[in-house]
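Undergrad: Have a look at the structure that comes next, please.
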Amino acid sequence: MRVTAFLPNLPAAVARNVFATLTATLPPPVTDTPENRAARDEAAIAAVAALYPADALEALLAAQIVAANAHALDCLRLAAQPGMDAGSARRWRARAAGMMRQMESGLHILRRGQAAREKAEAAMHPAAMARAGCWVRKVSVHGSAEPDPASDLGAEAQQYEVIHPQRAARIRAPGGLPVKLDFVRPRQSW
């Protein structure tokens, strides 16, 4: 099985390390055969890939989540074994509950980090940048990268008006802009 196919966005060495760490921490299958171990390992790495880790840290956290879930299920299996006394079954169920809480906590942390990353990536989207006041100029693919002044000027003015409505109203008012703009360099008082 090629682990790098499951985690293509990670370097191969990182993907192999995550896989080795995960398979070393999983509980053994009920019937411990090489085929069952291979099936267990493939299902576990597919579960890690289903959490869409973007980097090595998220991949390790996803592996911890999958391992905690596997151990919780194993504890529940042990609690349901025939002939298990009530006290032992209660302890196995308590361990399973603890592992489930750990898994849910890890999943919450992973999802919160992924949401923050997605929000930051969405903020870099051109439409979001335009709403934030960053003006995106038209770039010609075949020609020069110079903006088209005729089309951009109106769009910039409209965008300025949306972002700064009070300033735009003062500019549009009669006598809003002085006829002659005279900029004087301020005196330095050292």
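The values are calculated or read from the model by the stated rules, or taken from the named source; none is laboratory data. Keep in mind it's a predicted model, so treat the numbers as computed, not measured. In this analysis, Cβ positions are derived from the backbone assuming ideal geometry, glycine residues included, and neighbour counts consider all displayed protein chains. Keep in mind that these areas ignore ligands, DNA and RNA; they rest on the heavy atoms of the full protein, side chains included. Shrake-Rupley method; radii C 1.70, N 1.55, O 1.52, S 1.80 Å.
Undergrad: Can you name the residue in segment 104-121 that is acidic (Asp, Glu) and surrounded by fewer than 13 Cβ atoms within 10 Å (Cβ to Cβ) and is also modelled with the highest pLDDT among such residues?
TA: Per the criteria, the residue is Glu118.
Undergrad: Quick check, is Ala56 crowded, with 20+ Cβ neighbours inside 10 Å and either touching a helix residue (DSSP H, G or I) at 6+ places or on another chain (Cβ under 6 Å) or under 21 Å from Ala89 (Cα atoms) (or both)?
TA: Values: crowded, with 20+ Cβ neighbours inside 10 Å: no; either touching a helix residue (DSSP H, G or I) at 6+ places or on another chain (Cβ under 6 Å) or under 21 Å from Ala89 (Cα atoms) (or both): yes.
Against the criterion (crowded, with 20+ Cβ neighbours inside 10 Å and either touching a helix residue (DSSP H, G or I) at 6+ places or on another chain (Cβ under 6 Å) or under 21 Å from Ala89 (Cα atoms) (or both)), Ala56 does not qualify.
Undergrad: Hey, another quick one. In segment 1-27, what count of residues is obtained for those that are surrounded by 11 or more Cβ atoms within 10 Å (Cβ to Cβ), free of Cβ contacts under 8 Å to residues at least 12 places away in the same chain and closer than 16 Å to Ala70 by Cβ?
TA: 1
Undergrad: List the number of the failed condition for Ile65; all other conditions in (1) open to solvent by 40 Å² or more (accessible area, probe 1.4 Å); (2) under 18 Å from Leu107 (Cα atoms); (3) free of Cβ contacts under 8 Å to residues at least 60 places away in the same chain hold.
TA: (1)
Yes or no, residue by residue, for (1) of a type in the set (Asp, Glu); (2) at pLDDT 75 or above; (3) open to solvent by less than 90 Å² (accessible area, probe 1.4 Å):
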residue: Arg90; (1), (2), (3): no, yes, no
residue: Gln102; (1), (2), (3): no, yes, no
residue: Ala123; (1), (2), (3): no, no, yes
residue: Ala128; (1), (2), (3): no, no, yes
residue: Gly133; (1), (2), (3): no, no, yes
residue: Val139; (1), (2), (3): no, no, no
residue: His142; (1), (2), (3): no, no, no
residue: Leu177; (1), (2), (3): no, no, no
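Undergrad: Of all residues in segment 146-174, count the ones that are in a loop (DSSP other than H, G, I, E, B), open to solvent by less than 80 Å² (accessible area, probe 1.4 Å) and modelled with pLDDT under 75.
TA: Here is the first cut: in segment 146-174, the residues in a loop (DSSP other than H, G, I, E, B) are 146-148, 164, 173-174.
Now narrow it down to the ones that are open to solvent by less than 80 Å² (accessible area, probe 1.4 Å): 147-148, 164, 173.
From what is left, the residues that are modelled with pLDDT under 75 are 147-148, 164.
The number of residues fulfilling the criteria is 3.
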